[in-house]
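Every read-out reported here was derived from the displayed coordinates using simple, explicitly stated rules and does not represent laboratory data. Computed from a predicted model, the values in this text were never measured in an experiment. Here the Cβ positions follow ideal geometry from the backbone for every residue, glycine too, while neighbour counts run over all protein chains shown.
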Amino acid sequence: MKVLVATDKPFAKIAVDGIREIIEGAGFQLALLEKYTEKQQLLDAVADADAIIIRSDIIDAEVLSAARNLKIVVRAGAGYDNVDLAAATSAGVCVMNTPGQNANAVAELALGMMVYGARNMFNGTSGIELLGKKLGIHAYGNVGRNVARIAKGFGMEIYAFDPFFPAEAIEKEGVKALNSAEELYSTCQFVSLHIPATAETKNSINYAMLSKMPKDAMLINTARKEVINEAELVKLMEERADFKYMSDVMPANHTELSEKFAARYFSTPKKMGAQTAEANVNAGLAAASQIVDFIKNGNEKFRVNK
Ligand code: 3PG
């Protein structure tokens, strides 16, 4: 039984060592493909793999058909928009994620980017504080909940909108639950995005939504670039000199945004939210254990395709 770890953005060594221990401890074989530059390398590596652990690596129909022995793909992380679920289902391949395992790492980065933006990217000028400011959490999943927990320490007033999370459960955690995204954006000076990229959410953060935000607004995106209508974001930022965009998912129009709004726009060069030793260990080891449990016992608890 061969398990391939295919990570364009590698895990920390400690995580790879832990994955190896679990996989080899189960009597399976581990193969590593890190920092690959060509899709062909992935196509070659998957040829004899029974299971694959990935991060944001693209698993499309071509990869799936090249992986003739494949039984399971585990996305070590939360968002699985990089896997063609329908193609996996028709190839008889189980797809899982590891929900929650990297949530604290992403949440810490969201707060870090908030401070960075509020202090004018540490450029020496006078900024603002987070204490007492209204923070809107757009989707209250594992990351959103961690953002709320940390933001409480900053003394922020916290709001959330999540149509799939019961309002009473949100309120129980000391967070005000709002009834619509529109209400969240018109209430909160800071909005932190935690929605997945789906057919419904793609391009949904548009001019109409963002223009509702109060003065000195800041949008923090540690989710996915696809949820932003990037052309409309430019239009809004051209009209509103008080609007800042902090992103951990580099927009397609990164060059335009950095040229036009150098003082109010920041993006990490590569998605850094889950790039910590702890998150790599949590998500990587969970992925390895899920594979062993699936192969040996048929456990499909974290399956995301039908
Ligand atoms: C996720 O969906 O888990 C995060 O976006 C992290 O992605 P990464 O594993 O590519 O860093």
### Query
So what J values fall out for the stretch 79-94 if you push phi through Karplus, 6.51 cos²θ - 1.76 cosθ + 1.60 with θ = phi - 60°, rounded to Hz, Gly and Pro as x?
x, 10, 5, 8, 10, 7, 5, 5, 5, 5, 4, 6, 8, x, 9, 7
### Query
Near Lys235, which lysines are there with a Cα under 16 Å away, not counting those fewer than 8 places off in the same chain?
Lys212, Lys244, Lys260
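What is the ratio of the Cα radius of gyration of the stretch 1-157 to 2.2 N^0.38 Å, where N is its residue count, to two decimals? Present the calculation step by step, with values, prior to reporting the outcome.
Working: Rg = 19.7 Å, N = 157, 2.2 N^0.38 = 15.0 Å.
Here the Cα radius of gyration is 1.31 times the empirical estimate.
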### Message
For the chain, take the longest principal axis of its alpha carbons; what is the angle in degrees between that and the long axis of helix 142-153, to the nearest 10 within 0 to 90?
### Response
40 degrees
### Query
What distance in nm separates the simple spin-label points at Phe122 and Glu24, each placed 7 Å from Cα in the Cβ direction?
3.9 nm
### Point-to-point label distance, Leu32-Met1, nm (Cα→Cβ direction, 7 Å offset)
2.2 nm
### Task
Find me the longest stretch of the chain that has none of the exposed GluC sites (Glu not before Pro), where exposed means in a DSSP loop (not H, G, I, E or B) with at most 15 other Cβ atoms within 10 Å.
201-299
## Note on the structure
Cα-based Debye curve of the chain sampled at q = 0.10 Å⁻¹ gives log₁₀ I(q)/I(0) of -0.59
### Message
Let me confirm the definition first: pairs of Lys residues in the stretch 1-152, 8 or more apart or on different chains, C-alpha distance under 22 Å. How many are there?
### Response
10
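Helix-only estimate, please: 222 nm mean residue ellipticity of the chain, summing -39500 (n - 2.57) across DSSP H runs of length 4 or more and dividing by its residues, to the nearest 500.
Values: 12 runs with 116 residues, N = 306.
Per the formula, -11000 deg cm²/dmol.
Note the full-extension length gain between Ser258 and Glu238 as 0.36 nm times their separation in residues minus their Cα-Cα distance, in nm to one decimal.
Numbers: separation 20, 0.36 × 20 = 7.20 nm, distance 1.25 nm.
Extending this stretch completely gives an extra 6.0 nm.
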### trypsin sites (Lys or Arg not before Pro) within the stretch 209-284, DSSP loop, no more than 13 other Cβ atoms inside 10 Å
Lys215, Lys270
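Please get the size of the charge dipole for the stretch 103-267, origin at its Cα centre, with Cβ charges of +1 on Lys and Arg and -1 on Asp and Glu, quoted in debye to the nearest 20. It would help to have the intermediate numbers written out before the result.
Values: 18 positive and 20 negative charges, 62 e Å.
The dipole magnitude comes to about 300 debye.
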### Task
At q = 0.13 Å⁻¹, what is the base-10 log of I(q)/I(0) for the stretch 103-267 according to the Debye formula with one equal point scatterer per Cα and no solvent? Please give it to two decimals.
-0.55
### Message
If I build a Gaussian network model for the chain, linking alpha-carbon pairs within less than 10 angstrom, which residue out of Val73, Val106, Val234 has the largest mean-square fluctuation?
### Response
Val234
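The stretch 157-207: D in µm²/s via Stokes-Einstein (Kirkwood Rh, Cα pairs, 20 °C, 1.002 mPa s)? Please list the in-between numbers first.
On the way: Rh = 11.9 Å.
The diffusion coefficient I find is 181 µm²/s.
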